Each structure stands twice: as C-alpha cells, then as structure tokens.
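In what follows, a single structure is set out as structure tokens and then discussed.
What follows is calculated from the coordinates using simple rules that are stated; it is not laboratory data. Bear in mind that the values here come from a model prediction, so they are computed numbers and not experimental data. Cβ sites come from the backbone with ideal geometry, for glycine too, and all protein chains shown count toward neighbours.
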Amino acid sequence: MDLAATAEMDELRAEMRAWLEANLPWEYGVGLPPRFDDLADEVTFGRRWQGQLAEAGWVGVTWPKAYGGRGLGPTANFVVQEELARARAPELVGRIGVNLAGPTLLAHGTEDQKQRWLPAILAADELWCQLFSEPEAGSDLASVRTTARRKDGGGGEEGGWVLQGTKVWTSYAQFADWGVCLARSDPQAGRHRGLSFFVVDMHAPGVEVRPLVQITGEAEFNEVHLDDVDVPDDQLVGVPGMGWTVAGSTLSHERGVNPRQLVIHLQHLDELMRTAATSGAFDDPRLRRRLAQAYVEVRLFQLHNWRSLSKLERGMEPGPEASVLKLYWSEMSKRLHSLALDVLGPAAPLWRGAAHNPGDGSWQRAWLYYQASSIFAGTNEIQRNVIGERVLGLPREEAVGGN
C-alpha cells in the first residue's frame, strides 16, 4: 500500500480547494449548504451545484475525456471527493448516474448507448436511479422476480421487451429520468444465468413511483412498480442472460472505495471528541474506552480505503474484497453514532436545543440515518456470504430450490 502523495495529486488538491473557496455558495470551511424542507427544492439546488462542478471538470474525473471526464486515475477521484466532503458540499444529486450507471455503461454499453446517455449524466441534466432490490428479494439479487418478456414481433409489435414487477429502496426515483434495472429474462435458467440488464425510461407508461417515508421523516427512496413497461432492444445493456455480469460492475463500484463516507466519519469523529470534552464524557471510564475505540475504528476505515485505492491504482478491480470494506464501515458507523447519543446523555432524545449539541438535532438525525448503513448497498448478511464464499473460499450455501 502506497500512502505517499505525488506532486500531481498535491497540485490537484490545491486546484480543487481553490475552486471551492471561489465557488461555494457558502463560506469555505465555516458555512454549510442551505437546508430545504422540500426534497424537490433540494434536488433543484443539487442540479445547479452539480452543473457548476461539471462545467469546471470536477465530476467524473476518471471518465475518459471523450465522454466529458478528465481521464484521471482513482486516486485523483479520491482527492476530489475528499475535498468536496471537507468543504461540506452536498453529495452529488446525480451520484447514481456518475458513480454506478455511468461506469457500468462505460464497461458494457455500446458506443451508441454511451453517446446517448453519458453526456447528460455529469451535469445532472438527466438523473438516474438503480432498480435492483425487490420486496421479495432484498439484497439477494439472484432472486429477483421482475420479469422481462421478449416481444414476438408479431401483430404489429416492434420487438423489444416488456417489464413487469416491483422494485424497492430506489433512491431519488421520483426525480429520475432513467433507471438501470435487473430483470429475469429467462425463468428456466439458473438464478444468475437468467438475468438481463436494462435501462428503463422512468417517464414511460406503466412506471409508477411511490415515495417511502424514512425514519428520519424524509422520503429519499421509493417503491417502483413496473406494469408492462416497454423497453426497446437498444436499452438492453450487454446480451440477454448476462445481466448478472453487467450488474457485478455496478455493485463493485457501489461497495468499493468510499472517500466521502471516510471524510464524513472523520468529521463526525472530530465533532464527537469535542462534544465529549465539553460534556465531561471523558470522566466516565466506560465512555472513555468507547471513545478511544471509535478513534481507532475510524482510522482503520481510513486504512481500508487506502488499501483498496492502492489496488485500484494498480489497475485491479475492487472485486469481492469490496464487501469487506462495506461491511466494516457500516457496522463501525452504527457503533459511532450510538456512542454519540450516549455522550449526549439526557439530551440524546431531544431533536432540537439539546445541551452539548449544536441545537439542530444533527446527531439524532445522523443516528437515525445510519441505522440503514447495514442495509443499503447490499445487506451485511449478503456481504458476509460474499466474503465467506468468494474471498475465503468456504463452501457455498445451497440455494432454496436447488438452483
């Protein structure tokens, strides 16, 4: 693992920081993004902000120059994401397109598909969502029940596919223009071999989006119903029956290096230590031990990221080891936020105006939000299966039905 910063990366970091100081809509290092009561207003703000970043070349820095990127390596992307998080800039509103759909299209899409969809992703001119999880499948994507029926071309039909099913936990689906969808195109084939990967027009007839209210009171993700939705042949990515391979690219990016979460947790750790010092939590030996453990765990998360980054920089794929990183940080995060509420003590149940708290309920909201960390991007149960079977080489558990 190489931890030494190169001169090129130092220059890139300085350039990024200077741009942020000149262009942030709030004071660099002090201010915070505006808060919105309406998620639609937040998305509108996010589109404008991502458009500014893209115009300056700060979105999709690893993408080839031919598709609007800078053609730089994974370390450059890590540096850019670190600086955005340090500046407390909002997460990219088009992150599903930039981080998941875009790289998948770059790896498996045709040239026509790349020319059609990639240019609008970087500037958030079009937003994307991920239609993977299902009510009856969850993170076990090999068990998806959404069907893709091939049109027979007769009776005046133009060919293509018809999708039927339900997807769930789909972030920002109510604002998305396109969705990447895993569907079962061959019900007679095995669990992994009968899947195909489609791009779905989220405005097409038969697409119904139902927002789901989270424990935080927000509704970022949704249930999506696909009722006989037409998908033309040119919106199939890869070949029929090879969707599992295509989806593997998406999942490896979703579970791999996570510079934004790293910086956020470093910031949370710093805030937690300052809150503990103010509240006298260090005088409690039990809390003192847990605070020390939290410090060690966040630093280990940093080392895990650097190790994965070094692997990517050598041209290696994240691979199933990405599940180790996702599993670790999700459980570390839940412990950190539980500790934060214990440090707040009697003020922990208060959403606003709590003693030793900024007064905006930030710790309470963060605790609620990160309860989902062991669920999103693949549940931890699934991650343990991946680690056991594909990293450690343990025997595979027999699937229900023997497939």
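DSSP loop (so not H, G, I, E, B), at most 15 other Cβ within 10 Å: list which GluC sites (Glu not before Pro) in the stretch 162-250 pass both filters.
Sites meeting the loop and neighbour criteria: E218.
Show log10 I(q)/I(0) for the chain at q = 0.07, 0.10, 0.11, 0.13 Å⁻¹, two decimals, from a solvent-free Debye sum over equal Cα scatterers.
With one equal scatterer per Cα and no solvent, log10 I(q)/I(0) is -0.35, -0.72, -0.88, -1.23.
Shape verdict for the stretch 7-93, please, from the Cα gyration tensor: rounded (a/c under 1.5), prolate (a/b greater than b/c) or oblate.
Details: a/c = 2.40, a/b = 1.43, b/c = 1.68.
It comes out oblate by the Cα gyration axes.
Run down the aspartates and glutamates and flag those whose C-alpha is under 20 Å from the C-alpha of K326, throwing out any fewer than 8 positions away in its chain.
Cross-link targets: E82, E91, D140, E254, E297, E313, E317, E381, E389.
For the stretch 212-301, would you read off the P(r) tail past 18 Å as a percentage of all alpha carbon pairs?
71 percent
What is the stretch 159-313 by shape, rounded, prolate or oblate, if you read a ≥ b ≥ c off the alpha carbon gyration tensor as root eigenvalues and call it rounded for a/c under 1.5, prolate for a/b larger than b/c, and oblate otherwise?
Details: a/c = 3.45, a/b = 2.07, b/c = 1.66.
It is prolate, given that a/c is not under 1.5 and a/b is the larger ratio.
Give me the compactness ratio for the stretch 108-227, meaning the Cα radius of gyration over 2.2 N^0.38 Å.
Here the Cα radius of gyration is 1.12 times the empirical estimate.
Can you list the lysines whose alpha carbon sits under 16 Å from that of K114, skipping same-chain ones fewer than 8 residues off?
Output for K114: K65.
Sort out for me the Cα centre separation of the stretch 57-125 from the stretch 258-317, rounded to whole Å.
27 Å
Counting other C-beta atoms within 10 Å, and keeping those with at most 11, which DSSP coil trypsin sites (Lys or Arg not before Pro) do you find in the stretch 1-102? Write down the numbers at each step before the final one.
On the way: sites: R13, R17, R35, R47, R48, K65, R70, R86, R88, R95; in loops: R35, R70, R88.
Answer by residue number: R35.
Have a look at L84, F198, M273 and report the one farthest towards the positive end of the charge dipole of the chain, computed about the Cα centre with Cβ charges (Lys/Arg +1, Asp/Glu -1).
Checking the options against the dipole of the chain, the answer is M273.
Looking at the square roots a ≥ b ≥ c of the eigenvalues of the Cα gyration tensor of the stretch 57-126, which shape do they give, rounded for a/c under 1.5, prolate if a/b is larger than b/c, or oblate?
prolate
Could you put H203, H337 in order, starting from the residue whose Cβ has the fewest other Cβ atoms within 10 Å?
By the 10 Å Cβ count, ascending: H203, H337.
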